[in-house]
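Input: a single structure, listed below in structure tokens.
The values are calculated or read from the model by the stated rules, or taken from the named source; none is laboratory data. Because the structure is predicted, anything quoted here is derived from the model rather than measured. Every residue, glycine among them, receives a Cβ derived from its backbone with ideal geometry; neighbour counts consider all protein chains shown. Surface accessibility is based on the protein's heavy atoms, side chains included, excluding ligands, DNA and RNA. Shrake-Rupley method; radii C 1.70, N 1.55, O 1.52, S 1.80 Å.
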Amino acid sequence: MNSMIPYGRQEITDADIEAVVEVLRSDFLTQGPMVPRFESAVAGYCGAKHAVAVNSATSALHIACMALDIGLGDLVWTTPTTFVASANAPLYCGAKVDFVDIDPRTYNLSAECLAEKLVEANARGVLPKAVIPVHMCGQSCDMEAIHLLSQKYGFRIIEDASHAIGGKYKGELVGNCRYSDITVFSFHPVKIITTGEGGMALTNDPALSNRLQRHRSHGITSNRDEMFARPADEIWNYQQIYLGYNYRMTDIQAALGLSQMQRIDDFILQRHAIATRYNEMLLDLPLVTAQQHLHSYSSYHLYVIRLKLAEINKTHRQVYEAMRASGILVNLHYIPVYRQPYYEQMGFSAGYCPQAEQYYAEAITLPIYPGLTNSQQSLVVEVLNTATGG
Ligand SMILES: *Cc1c(COP(=O)(O)O)cnc(C)c1O
């Protein structure tokens, strides 16, 4: 009972540590060979043609928006049930953000709500330039349906797959970009694999890949074909052709990521084993678990329950606080983004997406990560059972 159980954490082996130390002893701490190797490993694993590693998924979302030319006056839609970064990225580009309500069973952006909102938006002539679906907890959104809508209404798609590397949709790995322009992963330590901080943007479009690479590094190119014509003696080895950023990943981080990639399938299997045990152990508790679609194989980044508050004499907050007081560091993913003060200042208010708000009023994220033991898991369920009054 003494040690805390977090909701998520990294698993680091001696091999990971050696991979990092090897880079520290090498000539290149950044802009060396490890970043392209890590990019190839992830692209190869997912079945995407191109991958661009950056210093966070937030940066990846930002350069993804830039690569799709999202700018002032454009409209981008995402889900309210996500980390704020999914909505902040288009704001960095000067775009406006709006939210599509979730499917209460999967907690994912609802393709049905999207279809309805598109009909309305079309009638008013205010269609989004891009939609950012988020694969909540690691379960893919209904990408085929969203992709069909994108063809009908002409918007671009960025998958925020920060939770979902290693997950599958219709038998194929998330990240292959079959239904999107760009897919983004996060390598924060609570996610599936880690680089400390880090992210990646994947695409099958060479022009988009090229733009992602330029935006990652100041908008600079050293490719002569891309350079602006200048008198021969003024052409140096590089030119800045866009306004970009320094969002580069270091080789130290890439080495850790590459080493972690060797265990990704094991990580996913461990997460599935934990989720399966929870599904069984929680059957008689006053809660519901996320419905898994037949076509989906979740990466199980998160395991979120929804309390049946009508059946218990405790509030959401009481259950949450009782668990934390017992050392089970449960979390809440997520407060609807538009309920954040920054977004309320833009004019959003309570009640805007009723399903996301109902979800927020009931959701609790239980611990799930490779290395969580059976006895720790049993303790989580025992504490939850007591906290709900069982
Ligand atoms: C973690 C996360 C991000 C941001 O990832 P960073 O790598 O920390 O920038 C974005 N979107 C979602 C859905 C996330 O869970």
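Do any trypsin sites (Lys or Arg not before Pro) in segment 267-352 lie in a DSSP loop with no more than 13 other beta carbon atoms within 10 Å, and if so, which?
Numbers: sites: Arg271, Arg277, Arg306, Lys308, Lys314, Arg317, Arg324, Arg339; in loops: Lys308, Lys314.
Within segment 267-352, the qualifying trypsin sites (Lys or Arg not before Pro) (loop, at most 13 other Cβ atoms within 10 Å) are Lys308.
For segment 185-279, what does the convex hull of the Cα positions come to per residue, in cubic angstrom?
Numbers: hull volume 12.2 nm³, N = 95.
Given the Cα convex hull of segment 185-279, per-residue volume reads 129 Å³.
Could you state the accessible area per residue of segment 63-118 in Å², with a 1.4 Å probe and every protein chain left in place? Provide the component values of the computation, followed by the final result.
Values: 1710 Å² over 56 residues.
Result: 31 Å² of accessible area for each residue.
Please compute the Kirkwood hydrodynamic radius over segment 333-374, one decimal place, Å, based on all pairs of different Cα atoms. Could you put the intermediate results ahead of the total?
Values: mean 1/r = 0.0825 Å⁻¹.
Mean inverse Cα-Cα distance, inverted, gives 12.1 Å.
Report, please, the projected area of segment 235-390 averaged over directions, based on the convex hull of its C-alpha atoms, in nm².
On the way: hull surface 60.4 nm².
About 15.1 nm², averaged over all directions.
Over segment 102-233, with a single point scatterer placed on each C-alpha, what log10 of the ratio I(q)/I(0) does the Debye formula yield at q = 0.12, 0.13, 0.15 1/Å?
-0.57, -0.65, -0.80
Rounded to the nearest whole Å², what accessible area per residue is found for segment 168-320 with the 1.4 Å probe?
Values: 7300 Å² over 153 residues.
Ligands and nucleic acids excluded, the figure is 48 Å² per residue.
Calculate how many DSSP beta bridges within segment 98-241 are antiparallel, expressed in % of all such bridges and rounded to the nearest 5. Don't skip to the answer; put the middle values down first.
Details: 9 of 15 bridges.
Here the antiparallel bridges make up roughly 60 percent for segment 98-241.
Using only alpha carbon pairs under 8 Å that are at least six residues apart, calculate the relative contact order of the chain and give it in whole percent. Show your work: numbers first, answer last.
Working: 819 pairs, mean separation 90.5, N = 390.
Relative contact order here is 23 percent.
Per DSSP H run of n ≥ 4, the term is -39500 (n - 2.57); total these for the chain, divide by its residue number, and report the mean residue ellipticity at 222 nm rounded to 500 deg cm²/dmol. Before the final figure, lay out the partial values.
Values: 13 runs with 143 residues, N = 390.
The helix-only estimate for the chain comes to -11000 deg cm²/dmol at 222 nm.
Note down the Stokes-Einstein diffusion coefficient of segment 72-116 in µm²/s, whole number, using a Kirkwood radius over alpha carbon pairs, 10 °C, and 1.306 mPa s.
Numbers: Rh = 11.0 Å.
Approximately 145 µm²/s, per Stokes-Einstein.
I'd like the carbon and sulfur percentage of the solvent accessible area for the chain, probe radius 1.4 Å, heavy atoms only, ligands and nucleic acids excluded. Before the final figure, lay out the partial values.
Numbers: 8770 of 17110 Å².
That share works out to 51 percent.
Give me D for segment 295-381 in µm² s⁻¹, whole number, from Stokes-Einstein with Rh from the Kirkwood sum over alpha-carbon pairs, 10 °C and 1.306 mPa s.
Working: Rh = 14.9 Å.
This corresponds to a translational diffusion coefficient of 107 µm²/s.
For the charge dipole of the chain, defined by +1 on Lys and Arg C-beta atoms and -1 on Asp and Glu C-beta atoms about the Cα centroid, which residue among Ser40, Gln240, Thr106 has the Cα displaced farthest towards the positive pole?
The Cα lying farthest towards the positive end belongs to Thr106.
Say we join alpha carbon atoms closer than 10 Å with springs in a Gaussian network model of the chain; which of Ala64, Ala85, Ala356 then has the biggest fluctuation?
Ala85
Over segment 1-138, what relative contact order in percent results from Cα pairs under 8 Å that are six or more residues apart?
After rounding, I find 19 percent.
Along its principal axes, what span do the Cα atoms of segment 82-170 show, with the longest given first and each in whole Å?
Here the spans come out as 38, 28, 22 Å, largest first.
Please identify the longest segment of the chain free of exposed chymotrypsin sites (Phe, Trp or Tyr not before Pro), where exposed means a DSSP state other than H, G, I, E or B and no more than 10 other Cβ atoms within 10 Å.
1-227
Would you grab the residues whose amide H sits under 5 Å from the one on Lys96? Only those 5+ places off in sequence or on another chain, please, with H modelled 1.01 Å from N.
Gly73, Asp74, Leu75, Val76
Among Lys96/Lys168; Lys96/Lys117; Lys96/Lys129; Lys49/Lys96, which pairs are too far apart, with a Cα-Cα distance over 22 Å?
Numbers: Lys96/Lys168 31 Å; Lys96/Lys117 16 Å; Lys96/Lys129 10 Å; Lys49/Lys96 30 Å.
Too far apart for the 22 Å limit: Lys96/Lys168; Lys49/Lys96.
Two decimals is fine: what is log10 I(q)/I(0) at q = 0.18, 0.19, 0.26 Å⁻¹ for segment 195-243, from a Debye sum with one equal scatterer on every Cα and no solvent?
The Cα Debye sum returns log10 ratios of -0.64, -0.69, -1.00.
Over the Cα atoms of segment 1-157, Rg to Rh with Kirkwood Rh, two decimal places? If you can, show how the numbers build up before the last one.
On the way: Rg = 19.3 Å, Rh = 18.2 Å.
In segment 1-157, Rg relative to Rh is 1.06.
How large is the Rg to Rh ratio of the chain when both quantities use alpha carbon positions and Rh follows Kirkwood? All intermediate terms of the calculation are to be shown ahead of the outcome.
Numbers: Rg = 21.7 Å, Rh = 21.9 Å.
A ratio of 0.99.
Calculate the length of the line joining the C-alpha centroid of segment 109-168 to that of segment 235-311, in whole Å.
If we compute the Cα centre of each part, the gap is 19 Å.
About the Cα centre of segment 11-137, how large is the charge dipole given +1 on each Lys and Arg Cβ and -1 on each Asp and Glu Cβ? Please answer in debye to the nearest 20. Don't skip to the answer; put the middle values down first.
Values: 8 positive and 15 negative charges, 88 e Å.
Charge dipole of segment 11-137: 420 debye, to the nearest 20.
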